[in-house]
Each structure stands twice: as structure tokens, then as C-alpha cells.
Amino acid sequence: MKRAGRKRQRGNTLVEFALVTVFLVPLLFGTVNVGMNITRAMKVTQISRDAGHMFARYVDFSLTANKQLIVHLGSGLGMTLNGGPGRVTLSQIMYVGTAECTAGGLTVAQCTNLNWPVIVKRIVIGNTALAASSFGTPNPGLIDSQGNVADYLREGSARATNFNSLLALQPGEYAYVAEAYFQSPVYDFLSSRTGTALYARTIF
């Protein structure tokens, strides 16, 4: 009878262990998943900060050699110069005042972007097919090989939408913005979520 009792206890222990494992295994994998994504989020933030810092110090990111600096920062996340799961968007934004319209040879009536923040320079590094900037996208036909945006005093697509709510510039003032967007497959644990990504923004 003692031997039979021990067998029943071992059987009960196995059943209990199986029941607990159903909850513990997903919890373990979920914890690892969150930890990996926190690490990726820190990398994305650092890429945004470093790119914005260099951009604000007038590093010319229209040059391939300088773009490779950003690619190197994002290499651990699979980023390439023109592809991969990441995109870094650099924008120089200016608030248009009357003096800027006059300097551009326009009257107040002609200067349709008066009292608007506008994108005067835009450079994209990485996968251009990924999510665009949170502040709008100038017409590609207006952007030259150095990233300069033409006719930003009148072109509606050059307006930096939603920017005033973040930073109120004075007429003639500039802001340098770096946005890093990276797809995050570790979020898609067991295909529970799709299309997830990490986003970081730095403004100088």
C-alpha cells in the first residue's frame, strides 16, 4: 500500500508540474522577449541621439561616407545604406517669418508658408519604404542631391505638420530633427502581434 501511495504521489506531482508549466513557459519566454526589446529600444534611441547630434553640427549626410556612419550605428539591427529593417530621417526645420519671405524675394501675399515651420532639408538613410517622418514629407521632386528642399516658402508639402506642438520656434529659427524607426520582430512573439516597430526622436 505504501508503494502504491508513492506512485500516486509521483503521478500527482507530474500532473501538477505539467499544469504549472503551461503558465511558466510562456511567462519565461515573454520575459526574455521584453528584455530583448528593451535592449533594441535603447539602441534605437542612441542611434537617433547620435544622428541628430552630428546633423546639428553640420555633418553632411548627403555624402555616402557620412551615411555609412549611421549605418554602422544601426548595423546590429540589420540596417543597410538603402534597405534593411530600419530608417533614419533627418530634417532641418525653419519657422518662416516675414523677413524670410522678403529674403526669398516674395511678398507676404506670395509667401503661403508664412508663420509655418517648414522642412528646408530632408535626408533619409536606410529603407525608404518604411514609415515616413511624423512631420510630413516634402514632394520628392523638390529635394536635390544634398537634401535641400526647393520652394519651401510656398510649397505646401514642405510644411512640418505637428511640429509646433512639440517646439515653438521663433521666425528664422532652426531645429534639427533625427527620427529613427526600426521594425521589431521580437515583439511578434508566437505571431501574437505583427507590424510592430520601435521609434525614437531627437530634436536639437
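So, in the stretch 40-58, how many residues would count as being exposed (fewer than 15 other Cβ atoms within 10 Å of the Cβ), without any contact (Cβ under 8 Å) to a residue 60 or more places away in the chain and not basic (Lys, Arg)? Even if it seems obvious, please write down each step before you answer.
First pass over the stretch 40-58, keeping only residues exposed (fewer than 15 other Cβ atoms within 10 Å of the Cβ): 42, 53, 57-58.
This time we only want the ones that are without any contact (Cβ under 8 Å) to a residue 60 or more places away in the chain, so: 42, 57-58.
Pick out the ones that are also not basic (Lys, Arg) and you get 42, 58.
Total meeting the criteria: 2.
This table checks each residue for (1) part of a helix (DSSP H, G or I); (2) modelled with pLDDT of 95 or more; (3) out of contact with any Asp or Glu (no Cβ under 6 Å at 6 or more places or on another chain); (4) under 14 Å from Gly147 (Cβ atoms).
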{"position": "Gly35", "(1), (2), (3), (4)": "yes, no, yes, no"}
{"position": "Ala51", "(1), (2), (3), (4)": "yes, yes, yes, yes"}
{"position": "Gly84", "(1), (2), (3), (4)": "no, no, yes, no"}
{"position": "Arg87", "(1), (2), (3), (4)": "no, yes, yes, no"}
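Of all residues in the stretch 83-97, those that are touching a Leu at 6+ places or on another chain (Cβ under 7 Å) and not small (Gly, Ala, Ser) total 4.
With respect to being surrounded by 15 or more Cβ atoms within 10 Å (Cβ to Cβ) and either closer than 21 Å to Asp50 by Cα or in contact with a Cys (Cβ under 6 Å, 6 or more places away or on another chain) (or both), Val88 fits the description.
Scan the stretch 56-76 for residues that are among the polar types (S, T, N, Q) and touching a Lys or Arg at 6+ places or on another chain (Cβ under 7 Å) and report the count.
Of the stretch 56-76, the ones among the polar types (S, T, N, Q) are 62, 64, 66, 68, 75.
If we keep only those that are touching a Lys or Arg at 6+ places or on another chain (Cβ under 7 Å) as well, we get none.
Result for the stretch 56-76: 0.
The residues of the stretch 126-154 that are at pLDDT 95 or above and of a type in the set (A, V, I, L, M), listed by number, are Leu142, Ile143, Val149, Ala150, Leu153.
Number of residues in the stretch 96-124 that are aliphatic (A, V, I, L, M), out of contact with any Ser or Thr (no Cβ under 8 Å at 6 or more places or on another chain) and either on the phi > 0 side of the Ramachandran plot or touching a residue at least 12 places away in the same chain (Cβ under 8 Å) (or both): the value is 5. In the set (1) modelled with pLDDT under 95; (2) over 23 Å from Ala129 (Cα atoms), the condition left unmet by Gly172 is number (1).
Here's a check for you: in the stretch 131-145, which residue that is in contact (Cβ under 8 Å) with a residue 60 or more places away in the chain and touching a strand residue (DSSP E or B) at 6+ places or on another chain (Cβ under 8 Å) is nearest to Gly84 (Cα to Cα)? Give the derivation first.
Going through the stretch 131-145, the residues in contact (Cβ under 8 Å) with a residue 60 or more places away in the chain turn out to be 131, 134, 145.
When the remaining residues are screened for being touching a strand residue (DSSP E or B) at 6+ places or on another chain (Cβ under 8 Å), the result is 131, 134.
On the way: Ala131: 13, Ser134: 20 Å.
Here the residue is Ala131.
The values are calculated or read from the model by the stated rules, or taken from the named source; none is laboratory data. None of the values given here were measured: they were computed from a predicted structure. Heads up, the Cβs are rebuilt from the backbone with ideal geometry, glycines too, and the neighbour counts pull from every protein chain shown.
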